[in-house]
Amino acid sequence: MKLECLIPMLPGKHLPRSLEFYQRLGFEVENRKDAWGWAMIRNGECRLMLDQSITVAHDATRQGVLCLYTDKI
(Lines give C-alpha, C1' and ligand atoms only; values in the text may rest on other atoms or scores of the structure.)
Protein backbone atom coordinates (compact mmCIF):
# COMPACT_ATOMS: atom_id res chain seq x y z
CA MET A 1 0.00 0.00 0.00
CA LYS A 2 1.37 3.40 -1.00
CA LEU A 3 0.41 6.61 0.81
CA GLU A 4 -0.69 9.11 -1.84
CA CYS A 5 -1.32 12.14 0.36
CA LEU A 6 -2.45 13.38 3.74
CA ILE A 7 -5.00 16.18 4.02
CA PRO A 8 -5.82 17.70 7.41
CA MET A 9 -9.46 18.59 8.08
CA LEU A 10 -9.63 21.53 10.47
CA PRO A 11 -12.65 22.69 12.46
CA GLY A 12 -14.10 26.14 12.00
CA LYS A 13 -17.15 27.78 13.49
CA HIS A 14 -17.87 30.00 10.46
CA LEU A 15 -16.84 28.75 7.02
CA PRO A 16 -16.89 32.12 5.18
CA ARG A 17 -14.61 33.73 7.80
CA SER A 18 -12.28 30.71 7.74
CA LEU A 19 -12.07 30.86 3.95
CA GLU A 20 -11.34 34.58 4.05
CA PHE A 21 -8.47 33.97 6.47
CA TYR A 22 -6.88 31.21 4.38
CA GLN A 23 -7.35 33.14 1.12
CA ARG A 24 -5.25 35.92 2.65
CA LEU A 25 -2.53 33.27 3.05
CA GLY A 26 -2.73 32.45 -0.66
CA PHE A 27 -5.13 29.48 -0.58
CA GLU A 28 -7.77 29.05 -3.29
CA VAL A 29 -11.07 27.24 -2.95
CA GLU A 30 -10.91 23.94 -4.82
CA ASN A 31 -14.31 22.58 -3.75
CA ARG A 32 -17.00 23.94 -1.46
CA LYS A 33 -20.27 22.60 -0.04
CA ASP A 34 -22.00 25.39 1.86
CA ALA A 35 -24.88 23.11 2.92
CA TRP A 36 -22.31 20.91 4.69
CA GLY A 37 -20.21 23.80 6.02
CA TRP A 38 -17.21 22.22 4.27
CA ALA A 39 -14.53 23.33 1.81
CA MET A 40 -11.32 21.98 0.27
CA ILE A 41 -8.65 24.64 -0.25
CA ARG A 42 -5.28 24.53 -1.96
CA ASN A 43 -2.06 26.53 -2.05
CA GLY A 44 0.31 24.86 -4.51
CA GLU A 45 0.67 21.23 -3.38
CA CYS A 46 -0.71 21.99 0.09
CA ARG A 47 -4.37 21.11 0.65
CA LEU A 48 -6.61 21.59 3.68
CA MET A 49 -10.24 20.81 4.39
CA LEU A 50 -12.29 23.15 6.58
CA ASP A 51 -15.38 21.75 8.28
CA GLN A 52 -17.94 23.27 10.64
CA SER A 53 -19.27 19.84 11.68
CA ILE A 54 -16.10 18.92 13.60
CA THR A 55 -16.10 22.11 15.65
CA VAL A 56 -15.83 20.77 19.17
CA ALA A 57 -15.84 22.05 22.72
CA HIS A 58 -12.62 23.60 24.02
CA ASP A 59 -12.11 20.73 26.47
CA ALA A 60 -12.49 17.99 23.83
CA THR A 61 -9.48 15.86 22.97
CA ARG A 62 -10.09 15.89 19.19
CA GLN A 63 -9.43 19.18 17.43
CA GLY A 64 -9.06 17.98 13.84
CA VAL A 65 -9.04 15.00 11.49
CA LEU A 66 -6.25 13.66 9.26
CA CYS A 67 -7.40 12.05 6.00
CA LEU A 68 -4.89 9.57 4.59
CA TYR A 69 -5.31 8.72 0.91
CA THR A 70 -3.74 5.50 -0.36
CA ASP A 71 -3.50 3.72 -3.69
CA LYS A 72 -5.47 0.78 -2.21
CA ILE A 73 -6.78 -0.51 1.09
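The values are calculated or read from the model by the stated rules, or taken from the named source; none is laboratory data. Here the structure is a predicted model, which means the values were calculated and not measured. Using ideal geometry, Cβ is built from the backbone for each residue, glycine included, and neighbour counts are taken over all protein chains shown. Side chains included, ligands, DNA and RNA excluded: accessible areas come from the protein's heavy atoms. Shrake-Rupley method; radii C 1.70, N 1.55, O 1.52, S 1.80 Å.
A few notes on this one:
- Qualifying chymotrypsin sites (Phe, Trp or Tyr not before Pro) in the range 1-47, where qualification requires a DSSP coil assignment and no more than 14 other C-beta atoms within 10 Å, comprise TRP36.
- Computed over protein heavy atoms with a 1.4 Å probe, the carbon and sulfur contribution to the accessible area of the chain reaches 54%.
- Between the beta carbons of ARG24 and TYR69, assuming R0 = 25 Å, the FRET efficiency works out to 0.40 to the nearest 0.05.
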